[in-house]
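Read the structure below first, then the notes.
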Amino acid sequence: MATLTGMLDTETGLPALREVIDGPLHEIAGRFSRFLADRWPHTALVIFTRECTGRPRKVAGATEMINKITIDELERLKATVEPGHSLSTTATIAGATRAVWVVLDPVGTLLVLFPRAARKRFPQPAALAEIFGIVATSIRQQVAQASPDYLAESRAASSERARTIAEMVAAHETALVSILTTLRSTGLDDRHARLAAIDSASAALVALRSAQQSDLALSEEPVMAAFAKLRKEIRQALRHHGAEIEFVAPLKPGRPLPGEVAHAARAMTRTAVLAFTTQSGLTRLRISWICGGTSLRIDVRDHDSGRLDMTSLRRQLDGRARTLGSTIDLDAVPDWGSRATIELPLDPPVDRTGESRLARLNRREMEVLRLVTQGKRNKAIAADLGVTESTVKFHVAGVLKKLEVTSRGEAAAIAQAAGISPLVT
């Protein structure tokens, strides 16, 4: 620890490290990169952790390089380092062989630095490992606590990655299948070349599908595995509590949980359980999860105390509940029992921004919008409504402004998405 103490024994060292770990999780790579820049000069930095389902790769530095780094490359690099150790090596990463400084935290969080000078000696690797241990611990704690900001950002990142993967897979798979179909044609010459091309394209298809499955594994967690992890955590936390703890796992696997929902479910269950254990005279506690097609229900109850502090518990759960659109039902009857039920939707809430904008329109503007949705031009709308064409132009301009769009087509799309049917003439 002497190396770490020496580094941070300055007026700026500890405050600067605090700034690294105190801020939005998705920006931690940039803050950490700036902190390390003087002692460990680098062109890019990557933090890789499977605990962050939304952004397992946290990156900073040379954009043209970090955008090419794949999870498979990081996994291979991770396998070359012993947990709790550091390494200066060369590795194939971002599509090329590069010099890297690597640190692997004891629990599996990986740090990769790309030194500015490829031949430069790795300075103070032990100090870097100790500093990164603090940062890695902060990341784990933020993920475990599943703050509303983290959940919102993680859900957005997961949704965007899933959408991008689906588009890429569809496009590439179509292209590769087309290549295979062509090359398998008996009308082509050069049989050996055709066979070689078929093998290459087949291997590419397998790799592409495997990559999709690997990335989905970061985005989702089987509900049984998530509940088993929760059970282990609670048993460890309450190992010295006298109450009997009963765990009721989901009766059927159901669909996988989105990563941020799995983290939030464990965090909210732990919060409820700890609130229940503060009741005097608690002798038995029942914890169950029920996973349906669209939601996960968490149920925590006792059968004797009934003195749950519902106000405090609701306050602790409310932030995550609002972020994920979940509902909370709390009940306590003294000397009879307490119960907490949390319903977590598995999918992001439907975007209702268009509907809220539609509420800004007055009656005449709504009539004009219905006719616009039919594809009618201003002259035809004026005839239908018995007003002048200039009046219609005025109303159309008002509709576009209130809906915050720039074209009639965008306005019609919002109306259709909200289920507003065109006027029948």
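Descriptive notes on the structure:
- Taking amide hydrogens as placed 1.01 Å from N in the peptide plane, the amide H of residue 404 sits under 5 Å from that of no residue at least 5 positions away in sequence or on another chain.
- In this simple spin-label model, placing a label point 7 Å from the Cα along the Cα-to-Cβ direction at both residue 303 and residue 404 gives a separation of 5.2 nm.
- Carbon + sulfur, % of accessible area of the stretch 278-365 - ligands and nucleic acids excluded, 1.4 Å: 48
- What separates the Cα centres of the stretch 217-247 and the stretch 357-391 is a distance of 58 Å.
- Hits among lysines - C-alpha to C-alpha of residue 401 under 21 Å, sequence gap 8 or more where chains match: 376, 379, 393
- Bridges between two residues of the stretch 233-324, per DSSP, are antiparallel at a rate of about 60%.
- The calculated FRET efficiency for the pair residue 70 and residue 198, based on their C-beta separation and a Förster distance of 35 Å, comes to about 0.90.
- Flagged links, alpha-carbon separation over 23 Å, of 232/252; 68/229; 78/232; 58/252: 68/229; 78/232; 58/252
- Each peptide in 339-345, 120-126 was scored by the mean count of other Cβ atoms within 10 Å over its residues; highest first, the order is 339-345, 120-126.
The values are calculated or read from the model by the stated rules, or taken from the named source; none is laboratory data. All figures in this text were calculated on a predicted structure; none of them were measured in a lab. Cβ sites come from the backbone with ideal geometry, for glycine too, and all protein chains shown count toward neighbours. The accessibility values were calculated without ligands, DNA or RNA, using every heavy atom of the protein model including side chains. Shrake-Rupley method; radii C 1.70, N 1.55, O 1.52, S 1.80 Å.
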